[in-house]
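The values are calculated or read from the model by the stated rules, or taken from the named source; none is laboratory data. Since the structure is predicted, the reported quantities are computational estimates derived from the model, not experimental observations. FYI the Cβ positions are ideal-geometry reconstructions off the backbone, even for glycines, and counts take in every protein chain you see. Please note that ligands, DNA and RNA were not included when accessible areas were found on the heavy atoms of the full protein model with its side chains. Shrake-Rupley method; radii C 1.70, N 1.55, O 1.52, S 1.80 Å.
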Amino acid sequence: MEGRRPVGGRRGWVLWAVLSAVLCPLTALAGSAGSTSATVVVEPRPTVDVDGYVEWTDAVRATLRRRAPGLRNAGTRSDVRGSGDSGSAAASASSTTTRPRVVVVPDPPRIACDERGCGGGACNRELGACRCPLSLDGARCETFAPARCDEDPASPRELVGVEYKSRCAGECDLTAAKCRCGRGVAHLGRGDLRNAHPDWKTPDDVAPNGTAYAGPYAPTDAPMSKFPERPMQGCYYEGIATQRTWHAKLDWDRAAGGKPNDFWRPRDDPGPRSDWCAWEPGHPGVDPVVKCRCFDGYVGVGCQTIVKQFCLNDCAGAGKCEHGRCKCDEGFFGADCSQRDGGGLVPTGAGHGYAAGGSDDPRRAGFVPDGGARRRHHLHAASAGLLGSGAAGGGAAVGGAAGGDASATRRTHARRPLIYVYDLLPKFTTAQLQHRQDVRKCVTRFAEEGNATRFEDNLYGAEVALHELLLDSPHRTDNPEIADFFFVPMYHFCFISRLQQPTPGHSQQLFSRTRGVGCDLRGSHVDAAFQHLFVPVLEHLRRDYPWWNRTDGADHIVPFLHDEGACYAPREFGDATLLVHWGRRDADPESCTGFGSHDWGDRTRDETHASCVVKRAAMLAGHPRGKGVCYRRGKDVVIPPWRTPRQFLESPLLAAAARGAEEAKRTASPTFEEALEKTAGAADVEAHVADVEAHAARAMHRASVEATIRYARTTSRDGPFFLFRGSIRPNNPAHSRGTRQEAFRFYGPGKAKSSPDVIVDEGAQTYRQELASATFCGVFQGDGWSARFEDAVLNGCVPVVVMDDVDVAWEGYLDVDAIAVRHPSREMHSLVETLRAIPPETIAKMRVAGARAWHRFAWLGYFAAERERERAGLVKLDDRFRDLETLGKIAGVHGADAFETLLQVLRHKLVERELAVK
């Protein structure tokens, strides 16, 4: 199996850790003779944000002003620079030196895989283990494991231990779980489909090329499709339910249905064809009768136009994207191909423009920085005067491909806190992307006609966006011996989404049979995710790496971003720092959802159906018994959910910030253009460009913050006094714990306390404009968390949090009380009256505090990176959704966005950890 202990894996890491402590001091003396790759770790002096840390709590503010502690493993250091700083842990925690501290660390050796290779997979050279794509398994990816579209007659419970109903009416490519037109039908018009081939009832025929025949034909029929590779996703033909297990409601998930002749007709039919599998452009007035969904990477009426597919960081310009999986070029490996076989990391991913465009010019064809983007660099030995002539490695840096001068040392620039990102088995991450049946599922962006980027309104997109950002961050290290934190990528939402396809209703029928003999209780997504995602990830970490076991995960970061956060996480994750959107602090909680398949809180099932479901005591929320919690303030972190630019394109804060940044750019002296013109004469080109960008980022961010504060102080809000729009669900009180329904009962249209300046109602097209002008905005939960808090802050509205014992984003780290009002749910009847009693000067202060911190509640840097891709000519921005306009504003103001805020929180935790040891 793919999860077997790798050749050289955990043992190789342990051996490296032991040898490095002994040999690294010798390496320092010998220079670069034995090393081709090293990491230059920079711990800059503590700096004060343009706002002086005023939005942080007192405790966090104190730690952010301190130096981070010295590197965990002092024996790995080959050079240290800093004004008399010894690098000791005690000295570093209280140091007030003004110069950066620089450490050069040789990268760990790469480990070769079995000499027989990895077949169709790839070698992870950190472990010396093969990483297998969808449909391959085994230690060397030598076993074909069909990625089915339809129920397997031999194993009807194949998917996560439950019955898996069919969803492909054409031909399934078993290498990719993709439904295609296939060969077509030869017996159409010959009578009733149910009687055409009475002996053939299930799609059990598998061809050598890895396809499963699943159409209304016999395996021996002649082909009819003109375009057998054309997608048939989201389509069905009449009569399908008589041939195989199929959902009773044929139009599931907006699927397109038609007669078999609408998909396949005899190939000798004269004239232009309108059947889907034979239609081709160029015949005016002839459109396909039925249109199926295109695969990711294909657009057009007949899915005939090729565009970019989604892959992490566009495979860092060092690989080919295959439906969510990066197939890396020779010399590179990793989830986004950013790790080099020879050691070190690719200088910058495609997320920031120039390297992936085929150009190594760090000036990005002369583009003036929009405000700077933090990214990974390779440094020359004398870069920025930090390293001096005695630094290990001499004076050369190697960029470009995996080869280069063997005598030189390639150095990757890294900043504290250092984060190691696990390259887990693909089935926990990128294989989930390969399984998706809708280009919108699981991802944050996809390409439309002309390679125009479309950002997906996927509330759970932070799990993929965060993975991308960390992989491409200067805070990333691929040397776990010096890591401050370990990030565990795990696509929880994508796993659930796979179970929900084609629809949640379909998924619930999938769970009509659950694990265990004699189970009569329908299973749930909770049980599936626990048993087939969370627990296997934990086993993988414990078996194949040494780092989790060293601390029981105490220095690990694990995302649980689905509806109810970490409530049903295994209790073994309790020592890790959990990233959630749902900050429930109540002890011994119950499930808070109106969606039955997500309900984990039924205590009776523990005893009644012990063999069918996961016991509550095994979950974080049920351990210890009677005192379990889903989230621990100060330990875990509530991060903002994914919101696309469309969610705040009308925001007056964004408009004001963009004006301030543009003014700073226009009045800078020397201008940023003039600073870039000096690049040609710089001793170190990359360092010079980095300095210009850093200066631009500081100046523009400072100006943008000042402009938003000025707006908040001088401009009144002329919209609704109180606003809430969203799903009310009056007949489903489990949704939102009844708070939305209760607010609607008092303040909804025509209700007893309704008022012209109060809106509590379902969604409307005017919602964005109302958000941008309202004074107070209601924040109620949904099925678990909701994104209403972020919507309010991003649009300059004061949030009113009506969620008892629930922390919102950054609470416990940022001073949330300065920007939001809390109101107990039991006093819903007095909500608006309480708000009207707040003095105007208090409201003004809250608006200013919100204007100072709004950028911390959106993943602005992610959008700024797409802006750089657009400027480099790699993508287009479709202005149907005003993305070009909005991203142009974001690019100059992103500064301390949600990602940078998370890094600052981790830096706080790093210093706090050291102080606790002292």
note = Carbon and sulfur atoms account, in whole percent of the 1.4 Å probe accessible area of the stretch 722-857, for 53
request  = Skip the ligands, DNA and RNA, and give the accessible area per residue of the stretch 722-857 with a 1.4 Å probe, whole Å².
outcome  = 36
ask   = Along the positive direction of the dipole of the stretch 553-599 (beta-carbon charges: Lys, Arg +1; Asp, Glu -1; about the Cα centre), which of Gly565, Ala587, His598 reaches farthest?
value = Gly565
task = Scan around Tyr422 for amide H atoms under 5 Å from its own, H built in the peptide plane at 1.01 Å from N, and keep only partners 5 or more places away or cross-chain.
result = Phe487
key: Amide proton proximity set for Phe332, modelled H, under 5 Å, gap of 5+   = Asp341
ask   = ³J(HN,Hα) across the stretch 560-576 via Karplus (A = 6.51, B = -1.76, C = 1.60, θ = phi - 60°), whole Hz, x for Gly/Pro?
value = 10, 10, 7, 3, 10, x, 9, 4, 9, 5, x, 5, 5, 7, x, 8, 7
Derived scalar couplings ³J(HN,Hα) [the stretch 469-478; Karplus, 6.51 cos²θ - 1.76 cosθ + 1.60; whole Hz; x for Gly, Pro] = 5, 5, 4, 9, 8, x, 8, 7, 10, 9
Separation of alpha-carbon centers, the stretch 463-500 and the stretch 853-918, rounded to whole Å = 16
message = Using a 7 Å offset from the Cα along the Cα-to-Cβ direction at both Glu827 and Ala554, what is the distance between the two label points in nm, to one decimal?
response = 4.1
message = Expected output is a single nm value to one decimal: the length gained when fully extending between Ser755 and Val286, i.e. 0.36 nm times separation in residues minus the C-alpha distance. What is it?
response = 163.4 nm
